[in-house]
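What follows draws every value from the coordinates through simple rules; no lab data is involved. Because the structure is a prediction, the values reported are computed rather than measured. All Cβ positions, glycine included, derive from the backbone under ideal geometry; neighbour counts span all protein chains shown.
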Amino acid sequence: MTPLADTHVHLLAGLDDGPSSMDEAVAMCRMLVTEGARHATALAHQNEGYPENVADRLRYATTLLTAKLTEKQIPLAVYPTGEVMLSPTTFEDWQAGYLLTVGGHNQWMLVEMPHGMFLDVLPIVEQFRPHGIRLIIAHAERYQELLYDPALTEKWIAAGCMIQVTAGALANPWEAGMEKALHNWVTGGFVHVIGSDGHGLEWRRPVLAAGYERLVSWVGHAAAERIGSLWGVSVLQGLPVQVPSPKPPQRSWFSRLFG
């Protein structure tokens, strides 16, 4: 099976609402390996609810996890990453050294919306652009304003953003219309990386394989490998990633005829 990359999984014990212990974190890593993953974020929330989760703390916790995985001979490479909740001070907080980019490479920042809100990311994109940092929109399928507006999604991608979707949402969409919208995103080239958004063994388990198989069924093996493996590994390792522009959505014969 293709070695998958989980670009969104909470693996840092006791730092947020993810695993409560190192043993649970290691068990999650074992599960990811059985799911086909060989690369994963060692992720924790960075927002006002977890003020102690500064970049250095996440890096240190990842070092401890890496040592434990080596000791247990678990073949999973983990990369320190913050899940950054957007705020008016996101750019300044990164400049001050509080926020951690994906893998600490200062190439990609994984961002989510504030609870119950949807923001235009383009002003923040412009703040980070001179520093060579681009945004990955975490669990983008959650945001109906984006999922059901391909023109807006295309605009964000053109500005340099990557779109991440949750593997579980691909495998089992939870609301009417979501499967069709995700299918349109995937087949149109709007999706770039996947993540399990795993938090534990009992709640929000780190599952990837079923979502990856859904990608294969929709776009074939080559495109699924780019989304599920190649681009994700490149992001985690700080390698260059060039994604093609998405395809414009197909218009129906009715809309073409009547405008």
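Side notes on the structure shown:
- Annotation for the range 219-250 versus the range 1-73: alpha-carbon center distance of 23 Å.
- Ordered by the count of other Cβ atoms within 10 Å of each Cβ, fewest first, Ile136, Ile157 give Ile157, Ile136.
- Those residues of the range 113-152 whose amide nitrogen sits under 15 Å from the label point placed on Asp17, 7 Å along Cα→Cβ: 113-117, 139, 142
- Taking every alpha-carbon pair under 8 Å whose residues sit at least 6 apart, the range 4-258 reaches a relative contact order of 22 percent.
- Extreme residue, positive dipole direction of the range 4-258, given options Pro244, Val165, Met85 (C-beta unit charges): Pro244
- Against the main long axis of the alpha-carbon atoms of the chain, helix 22-35 sits at an angle near 40°.
- The dipole here belongs to the range 109-201: it is taken about the Cα centre, uses +1 on the Cβ of Lys and Arg and -1 on the Cβ of Asp and Glu, and is about 240 debye.
- Summarising the amide proton neighbourhood of Met162: residues at separation of 5 or more, or on other chains, whose placed amide H is nearer than 5 Å comprise Leu135, Ile136, Ile137.
- Local charge for Lys72 was computed over the other residues whose Cβ lies under 14 Å away, with Lys and Arg +1 and Asp and Glu -1, and equals -1.
- DSSP assigns beta bridges within the chain; of those with both partners inside it, close to 0 percent run antiparallel.
- Rounded FRET efficiency, nearest 0.05, which uses the C-beta distance separating Glu52 from Ala223 and R0 of 45 Å: 0.65
- For the range 14-31, the residues whose backbone nitrogen is under 14 Å from a point 7 Å from the Cα of Arg205, taken along Cα to Cβ, are 27-31.
- For the range 114-209, averaging the sequence separation of C-alpha pairs within contact (under 8 Å, six or more residues apart) and dividing by the residue count gives a relative contact order of 25 percent.
- Relative to the longest principal axis of the Cα atoms of the chain, helix 178-187 runs at roughly 90 degrees.
- Rounded if a/c under 1.5, otherwise prolate or oblate - the range 117-157, Cα gyration tensor axes: prolate
- The chain: angle of helix 55-72 to the longest principal axis, Cα-based, in degrees nearest 10: 70
- Around the amide H of Glu83, modelled in the peptide plane, lie the amide H atoms of Ala44, His45, Gln46, all under 5 Å away and 5 or more residues distant in sequence or on another chain.
- Backbone phi angles across the range 230-242, fed through the Karplus curve with coefficients 6.51, -1.76 and 1.60 (θ = phi - 60°), yield HN-Hα couplings of 4, 5, x, 4, 4, 4, 5, 8, x, 8, x, 10, 10 Hz in residue order; Gly and Pro are listed as x.
- Under Stokes-Einstein, with the Kirkwood radius over Cα pairs as Rh, the value for the range 1-109 at 20 °C and 1.002 mPa s is 153 µm²/s.
- For the chain, adding -39500 (n - 2.57) for each run of n ≥ 4 DSSP H residues and dividing by the number of residues yields -11500 deg cm²/dmol at 222 nm.
- Fraction of alpha-carbon pairs over 26 Å apart in the range 4-258 - percent: 36
- The slack between His131 and Leu119, meaning 0.36 nm per residue of separation minus the straight C-alpha distance, is 2.2 nm.
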